[in-house]
Amino acid sequence: MASPFIQKSSALYNNILHVLSVQITLLTTVLAVSGLAKAQSTQCRTSCGDIPIYYPFGIDDGCGSPYYRHILVCSNNENLELRTPSGRYPVQNVSYSDPHILVTDPFMWNCQDGDNFRPTRPFSLDSSTHFTLSRQNDYLFFNCSEDHVIMEPKPIFCERFPDQCDSTCDSSSYLCRHLPECASALRGSSCCSYYPKATDSLRLMLKYCSSYASVYWRNFGATQPDNQVPEYGIRVDFDIPVTTRCLHCQDVAKGGGMCGFDTKTQEFLCLCEKGNVTTYCKDHEVSHTHGNKGVVAGTVSAVSVAGAIGVGAGIWFWKKVRAKAPVTHGVQSNENRLF
């Protein structure tokens, strides 16, 4: 039968091995997370092709605002696309001063089609995002069924039937009479203009029309009212979420970081050259206090030293115990926890 001293020594030995195992595991986890976070802070691309990518967008996960996560896709050949429930659409331009995205729909009618209408599908947006179809878009519908679609000159029809005015597809539309870039492309097909108030309205219209085209009015800086020209495309407006933390993060005087988020929790992160923090890059309290939970990256060396000290202390403690009578070992306190 083993003596009480041997039993206590064996139990103490097992407990110390457990503590050392926990410390090593935590150290490995922290180093892995820090490495990932630091990699994230350096992979936020600021352009796709010749289109600049700024907040609130990001083409790398963890960059920009989580509201627009996985919305923009930059393909290998540097082509930017907008992902929606109805498909992926090429992006022509992104404006941040007048927040909107211009996209093209390869399935909609173009001048080369003429009276030959290809199969099409309605463009749609996810209603849970901060995107909206701009009121600067005009929608043209071609070769519609007169049995299902009210096609009338809108001003005259609205005077006679004001209660049906919003349901009318205007056959006297200026754009139908002056198709952009190809005024005489249609020879025998009808054309009318209608603004669908929802995706379902567009889908319903295409159920009874052969095709459609979206035309947006582009501003080119001339004096109003002659400062707009019609061009084919779909203008999608977006909101820019403004937060104090993001403004502080972007402030050059505070380090000039990039606004991002944790890919698991979607909590705010300021992406800096030396790592990611929850405040701003030059926050002295964060940068000098490595134990602050706001520091995710940029603390590899500090954590490594702390881990080495912890492991060394454990080994020294075990040698001391073996040299003397067994004593009660302590547990992690709030002062020596890694987290």
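The values are calculated or read from the model by the stated rules, or taken from the named source; none is laboratory data. Just so it is clear, the structure is predicted and the values come from calculations on it, not from any experiment. Neighbour counts run over all protein chains shown; Cβ positions are idealised from the backbone, glycine included. Only protein heavy atoms, including side chains, enter the accessible area calculation; ligands, DNA and RNA are left aside. Shrake-Rupley method; radii C 1.70, N 1.55, O 1.52, S 1.80 Å.
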Subject >> Filtered residue count, the stretch 182-205, keeping only those that are surrounded by 15 or more Cβ atoms within 10 Å (Cβ to Cβ) and touching a helix residue (DSSP H, G or I) at 6+ places or on another chain (Cβ under 9 Å) >> reply: 7
**OP:** Just name the residue that is modelled with the highest pLDDT out of those in the stretch 265-282 that are farther than 15 Å from Tyr55 by Cα and part of a strand (DSSP E or B).
**Re:** Val277
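Rundown of residues vs (1) part of a loop (DSSP other than H, G, I, E, B); (2) modelled with pLDDT under 90, yes/no style:
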residue	(1), (2)
Gln112	yes, no
Asp126	yes, yes
Arg135	yes, yes
Asp138	no, no
Cys144	yes, no
His148	yes, no
Pro155	no, yes
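How many residues are of a type in the set (Gly, Ala, Ser) and farther than 17 Å from Leu72 by Cβ if we restrict to the stretch 125-134?
Here is the first cut: in the stretch 125-134, the ones of a type in the set (Gly, Ala, Ser) are 127-128, 134.
Cutting the leftovers down to farther than 17 Å from Leu72 by Cβ gives us 127, 134.
Residues in the stretch 125-134 being of a type in the set (Gly, Ala, Ser) and farther than 17 Å from Leu72 by Cβ: 2 in total.
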Original post:
Given (1) over 30 Å from Tyr67 (Cα atoms); (2) open to solvent by 40 Å² or more (accessible area, probe 1.4 Å), where does Leu247 come up short, assuming only one miss?
Top reply: (1)
**OP:** Give the number of residues within the stretch 163-181 that are open to solvent by less than 20 Å² (accessible area, probe 1.4 Å), assigned to a loop (DSSP other than H, G, I, E, B) and under 9 Å from Ser193 (Cβ atoms).
**Re:** 1
Original post:
Any idea which residue in the stretch 101-113 is nearest to the chain's Cα centre (by Cα), counting only those that are crowded, with 19+ Cβ neighbours inside 10 Å and not charged (D, E, K, R)?
Top reply: Ile101
Subject >> Residues within the stretch 61-98 that are open to solvent by 40 Å² or more (accessible area, probe 1.4 Å) and closer than 26 Å to Asn219 by Cα, tallied >> reply: 10
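Rundown of residues vs (1) among the aromatic types (Phe, Trp, Tyr); (2) closer than 30 Å to Pro52 by Cβ, yes/no style:
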position: Gly87; (1), (2): no, yes
position: Asp98; (1), (2): no, yes
position: Phe123; (1), (2): yes, yes
position: Phe131; (1), (2): yes, yes
position: Asn143; (1), (2): no, no
position: Met151; (1), (2): no, no
position: Cys169; (1), (2): no, no
position: Tyr174; (1), (2): yes, no
